Amino acid sequence: MNDIESRIEYAKIFAKGAGKVLLKRFKKRKLVIEKKGDIDLVTDADKKAEAHIIGSIFNKFPEDSILAEESGDILVKNSKYRWIIDPLDGTTNFAQKFYLFAVSIAIESERGIEAGVIYIPYFDEMYYAIKGKEAFLNNDPIKISQKEKLINSVIATGFPYSKNENNDNNLKEHNKMITKCRDIRRTGSAAIDLAYTASGIWDGYWEKKLKPWDIAAGALIVKEAGGVIKGLKGENFDYMSGNIIAGNEKIVNLMINEL
Ligand code: IPD
Ligand code: CA
Ligand code: CA
């Protein structure tokens, strides 16, 4: 096994471990919920799941750096790899006791994102991909939707936590798209939207103002499932920019025209 193959195997194990932590808290009646902003929450489960993943990486790959949502940057000098972690994507769902939430882990080198894992604990579903290879759900290869028209397409999106503070909140884009496609879905988890786009459940997805840990793993999984990933104006995708359009090439181009 090369460096990436062994890291993705461990990423799956760490994501499953974090999923176990999350499910245990999910089934408890009381969660400890704090506010990061007016509507942006963090629970004790986010922190526990992240601690599990970071502790596991320290243990197995102490030479690697980490970027994690709740802990920020943990830099190791001369590291070749960086793990980008969202321990709980879909915190609002989780806090409401709605079952759609995921763990997202990407592995980055100087060549870009090399591998990604999205684990959905409630359904025990592991989506993953290695750069240049296929994408999988559990052990089965997945493929992007083959739809060619927006009017036949179900498209997912989401809204940023700053939506109540300024007008750059995706409403304009949403209102344009809703009349052009079959329907729009909002799961509350960018990672799940990307996993579902990769496997053809959604025909496309766009969102803005995301964070690297929301999309780094999912963007690679979409690509390796045969999809295309772009910025909102059709520019090359940069996971640090937080803007993303995903789908097959035709649908992505049609979405760029509408947005
Ligand atoms: C959020 C989810 C949501 C998206 C938000 C993200 P969190 O992540 O991915 O779908 O619309 O912009 O911040 O806070 O649940 O990890
Ligand atoms: Ca997130
Ligand atoms: Ca999160």
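Note on Glu63 and Lys133: their simple-model spin labels are 2.0 nm apart, each label 7 Å out from Cα toward Cβ.
Ignoring the sites themselves, what is the longest stretch of the chain with no chymotrypsin sites (Phe, Trp or Tyr not before Pro) in a DSSP loop and at most 15 other beta-carbon atoms within 10 Å?
Details: sites that count: Phe98, Tyr99.
With chymotrypsin sites (Phe, Trp or Tyr not before Pro) excluded where exposed in loops, the chain gives 100-259 as its longest stretch.
Rounded, prolate or oblate, given the Cα gyration tensor of region 3-141, with a/c below 1.5 counting as rounded? Since a/c reaches 1.5 but b/c is at least a/b, the shape of region 3-141 is classed as oblate.
Quote the FRET efficiency, to the nearest 0.05, computed for Thr92 versus Asn2 with a Förster distance R0 of 30 Å and r equal to the Cβ-Cβ distance. The partial results should precede the final answer.
Values: r = 38 Å, r/R0 = 1.27.
For Thr92 and Asn2, the calculated efficiency is 0.20.
Which trypsin sites (Lys or Arg not before Pro) in region 1-59 pass both tests, a DSSP loop state and at most 15 other beta-carbon atoms within 10 Å?
Details: sites: Arg7, Lys12, Lys16, Lys20, Lys24, Arg25, Lys27, Lys28, Arg29, Lys30, Lys35, Lys36, Lys47, Lys48; in loops: Lys28, Arg29, Lys30, Lys36.
Sites meeting the loop and neighbour criteria: Lys28, Arg29, Lys30, Lys36.
Per residue, the chain exposes 47 Å² of accessible surface when a 1.4 Å probe is rolled over the protein heavy atoms with every protein chain present.
Relative to the longest principal axis of the Cα atoms of the chain, helix 3-27 runs at roughly 90 degrees. Region 202-238 and region 19-44 have Cα centres separated by 27 Å.
Pairs from the table (Lys27/Lys97; Lys176/Lys233; Lys16/Lys209; Lys131/Lys208; Lys80/Lys208) lying more than 18 angstrom apart at Cα are Lys16/Lys209; Lys131/Lys208; Lys80/Lys208.
Determine the percent antiparallel among the DSSP beta bridges restricted to region 47-165, to the nearest 5. Walk me through the numbers on the way to the answer.
Details: 27 of 31 bridges.
Rounded to the nearest five, the antiparallel share is 85 percent.
Find the relative contact order for the chain and round it to a whole percent, using C-alpha pairs within less than 8 Å whose residues are 6+ positions apart. List each step's numbers first, then the result.
Values: 600 pairs, mean separation 42.9, N = 259.
Computed value for the chain: 17 percent relative contact order.
Potential lengthening of the chain between Val154 and Glu235 amounts to 26.9 nm, from the contour at 0.36 nm per residue minus the alpha-carbon distance.
Based on C-alpha pairs under 8 angstrom that are at least 6 apart in sequence, region 1-126 has a relative contact order of 25 percent. Using the Karplus relation 6.51 cos²θ - 1.76 cosθ + 1.60 with θ = phi - 60°, the per-residue 3J(HN,Hα) values for region 136-145 come to 9, 10, 6, 9, 9, x, 10, 9, 5, 4 Hz, with x marking Gly and Pro. Normalised by the number of residues in region 206-252, the mean separation of alpha-carbon contacts (under 8 Å, six or more apart) gives a relative contact order of 46 percent. For region 141-239, the list of trypsin sites (Lys or Arg not before Pro) that fall in a loop by DSSP and count at most 10 other C-beta atoms within 10 angstrom reads Lys233.
Heavy atoms only, probe 1.4 Å: what % of the accessible area of the chain goes to carbon and sulfur, would you let me know? Roughly 49 percent of what the probe reaches on the chain is carbon or sulfur.
If R0 is 41 Å, what FRET efficiency do you get for Asp40 and Lys80 from their C-beta distance, rounded to 0.05? Given R0 = 41 Å and the Cβ-Cβ separation, E is 0.80. Among the GluC sites (Glu not before Pro) found in region 35-78, those both in a DSSP coil and sparsely packed, with 13 or fewer other Cβ atoms within 10 Å of their Cβ, are Glu63.
The values are calculated or read from the model by the stated rules, or taken from the named source; none is laboratory data. What you see is a predicted model; the values in this text were computed from it and never measured. Positions of Cβ are backbone-derived with ideal geometry, glycine not excepted, and every protein chain shown enters the neighbour counts. The protein model used for the area step is the full one, side chains on, heavy atoms only, and it has no ligands, DNA or RNA in it. Shrake-Rupley method; radii C 1.70, N 1.55, O 1.52, S 1.80 Å.
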